[in-house]
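> Okay, here's the structure, questions in a sec.
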């Protein structure tokens with residue numbers, strides 16, 4: 001869950017994470033203490049495993065945001081433990097027994113869920129820690145680095161037309177993709193990715209919700225759609241992907257300033273490449289600049305609408321569906337004027353785009369986007385693989401990338417390499433859309449603007465915690481080397 005907001009406190013929740021895990025000694029002590037005191041009869045490793053997942057996920061939820069509830073199913077039929085690649089810990093209906101025992105022990109509160117056979121809907125049971133449990137949380141020497149995810153959590157996800165996860169058999173391609181993602185997640189787990197100004201590890205958003213940042217949100221997975229590994233395949237899950245543009249330029253990686261390179265018009269370029277045309281060399285210019293229609297006021301407004309409509313048209317199966325999606329997007333952004341445009345008006349803009357791009361006009365309203373996403377995901381995979389091989393974190397946002405300021409030349413080179421590998425053309429254009437707290441010159445000359453020097457106490461403490469964690473991992477690695 002990216003955004004946390006709800007007028008109903010019981011809706012302020014997320015599902016139980018069945019891959020929450022830690023092998024840290026402090027986590028083991030914490031689980032053992034609860035298990036020994038409240039689970040005296042019929043103790044087993046299976047029961048303890050389920051308790052561990054529930055306890056640690058409650059801890060993480062509380063750590064991220066104290067009001068957050070965990071949604072958990074209390075219907076045994078909803079659990080499928082064996083033969084499910086999306087449940088590698090084999091978490092079963094034993095979870096229900098653990099939750100009931102924790103409630104009886106006074107360690108969690110519960111808001112019982114319900115299911116309506118008449119209406120076919122309902123709500124899962126919500127659980128959250130009592131003051132007694134919070135005392136145990138505070139007593140335990142745990143933190144955001146000692147509690148994470150199980151290493152076997154599936155990161156290559158295939159979904160059907162309704163968005164449900166579906167089974168698949170591994171092949172060399174899925175194994176290769178999984179290796180890339182797991183290596184990348186390992187690098188991200190060892191990296192400090194934060195925002196200096198933030199006292200608390202979350203961003204206050206315009207709708208008064210919050211976007212939680214930090215180590216728990218620094219893991220990605222790939223999602224393929226429609227039961228086809230040739231459709232979709234983008235990387236999801238990291239907090240910076242939901243980060244507002246104005247905040248992305250404030251991100252620091254390992255306490256170093258960053259730059260964001262945007263490879264806009266990439267889907268347009270890929271559509272042209274499919275026709276054997278080198279868009280960046282043969283066309284160029286502003287892909288979304290069209291004449292201002294009589295129902296709009298400015299060129300800037302027209303371009304903004306044209307850009308969004310182009311995106312919607314690439315991803316929609318028909319023009320009408322593109323128009324509807326455009327209005328929904330406008331409404332979600334608070335753009336009242338755009339949300340009220342009629343189909344006939346939007347058709348004027350779309351026709352202008354088709355006239356501007358006659359070679360790829362047939363790609364609009366054709367559902368081409370799902371395959372184009374697969375292509376841009378291939379580019380992103382190449383970037384991730386090359387950067388991970390040399391131990392340099394790169395943060396991906398589908399068609400833009402954030403790297404430490406000094407790594408932008410490498411990013412340009414790797415993007416060109418990936419684009420040529422995919423299309424056969426060796427020209428790809430990008431622009432720097434965000435340099436942390438100032439312009440490029442300020443970092444080159446070390447003449448930093450005043451706001452660049454703002455470092456919150458919260459950031460300092462998070463940086464210290466990360467450095468201590470990094471040293472601890474380094475010492476463990478050293479011991480392993482000596483023993484081997």
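The values are calculated or read from the model by the stated rules, or taken from the named source; none is laboratory data. Quick caveat: nothing in here was measured; it's all calculated off a predicted structure. Neighbour counts run over all protein chains shown; Cβ positions are idealised from the backbone, glycine included.
> Has segment 440-456 got at least one residue that is under 30 Å from residue 271 (Cα atoms) and modelled with pLDDT under 70?
No.
> Pick out the one residue from 172, 201, 244 that is surrounded by fewer than 17 Cβ atoms within 10 Å (Cβ to Cβ) and modelled with pLDDT under 95.
244
> Which of (1) surrounded by 15 or more Cβ atoms within 10 Å (Cβ to Cβ); (2) outside any helix (DSSP H, G or I) does residue 334 not meet, given it meets every other one?
Of everything listed in (1) surrounded by 15 or more Cβ atoms within 10 Å (Cβ to Cβ); (2) outside any helix (DSSP H, G or I), residue 334 misses just condition (1).
> Could you check residue 184 against (1) over 28 Å from residue 392 (Cα atoms); (2) assigned to a helix (DSSP H, G or I); (3) touching a helix residue (DSSP H, G or I) at 6+ places or on another chain (Cβ under 7 Å) and say which number it fails?
Unmet for residue 184, out of (1) over 28 Å from residue 392 (Cα atoms); (2) assigned to a helix (DSSP H, G or I); (3) touching a helix residue (DSSP H, G or I) at 6+ places or on another chain (Cβ under 7 Å): (1).
> Which pairs do you get when a residue that is over 16 Å from residue 288 (Cβ atoms), found in segment 338-352, comes within reach of a residue that is assigned to a helix (DSSP H, G or I), reach meaning Cβ atoms under 6 angstrom, with the pair 6+ apart or on two chains?
339/327; 339/330; 339/331; 343/323
> Which of the residues belonging to segment 382-412 are within 20 Å of residue 431 (Cα to Cα) and either over 22 Å from the mean Cα position of the chain (by Cα) or part of a helix (DSSP H, G or I) (or both)?
Across segment 382-412, the qualifying residues are 382, 383, 384, 387, 405, 406, 407, 408, 409, 410, 411, 412.
> Check whether at least one residue in segment 52-59 is touching a strand residue (DSSP E or B) at 6+ places or on another chain (Cβ under 8 Å), crowded, with 16+ Cβ neighbours inside 10 Å and in a strand (DSSP E or B), and report yes or no.
Checking segment 52-59: not a single residue is touching a strand residue (DSSP E or B) at 6+ places or on another chain (Cβ under 8 Å), crowded, with 16+ Cβ neighbours inside 10 Å and in a strand (DSSP E or B).
> Okay, moving on. Looking at (1) touching a residue at least 60 places away in the same chain (Cβ under 8 Å); (2) in contact with a helix residue (DSSP H, G or I) (Cβ under 7 Å, 6 or more places away or on another chain); (3) more than 27 Å from residue 244 (Cα to Cα), which one does residue 364 not meet, given that it meets all the others?
Only one criterion in (1) touching a residue at least 60 places away in the same chain (Cβ under 8 Å); (2) in contact with a helix residue (DSSP H, G or I) (Cβ under 7 Å, 6 or more places away or on another chain); (3) more than 27 Å from residue 244 (Cα to Cα) is unmet by residue 364, namely (1).
The rows are residues; the columns are (1) surrounded by 14 or more Cβ atoms within 10 Å (Cβ to Cβ); (2) over 25 Å from the mean Cα position of the chain (by Cα); (3) in a loop (DSSP other than H, G, I, E, B).
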{"site": "11", "(1), (2), (3)": "no, no, yes"}
{"site": "34", "(1), (2), (3)": "yes, yes, no"}
{"site": "49", "(1), (2), (3)": "yes, yes, no"}
{"site": "61", "(1), (2), (3)": "yes, no, no"}
{"site": "83", "(1), (2), (3)": "no, yes, yes"}
{"site": "87", "(1), (2), (3)": "yes, no, yes"}
{"site": "101", "(1), (2), (3)": "yes, yes, no"}
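> Right, another one. Which ones in segment 305-322 are surrounded by 16 or more Cβ atoms within 10 Å (Cβ to Cβ) and free of Cβ contacts under 8 Å to residues at least 40 places away in the same chain?
Correct list: 307, 308, 312.
> Report every pair of residues separated by at least 6 positions or lying on different chains whose Cβ atoms are under 8 Å apart, first residue within segment 236-248 and in contact (Cβ under 8 Å) with a residue 40 or more places away in the chain and on the phi > 0 side of the Ramachandran plot, second buried (at least 17 other Cβ atoms within 10 Å of the Cβ) and part of a helix (DSSP H, G or I).
Listed pairs, sorted by first residue: none to list.
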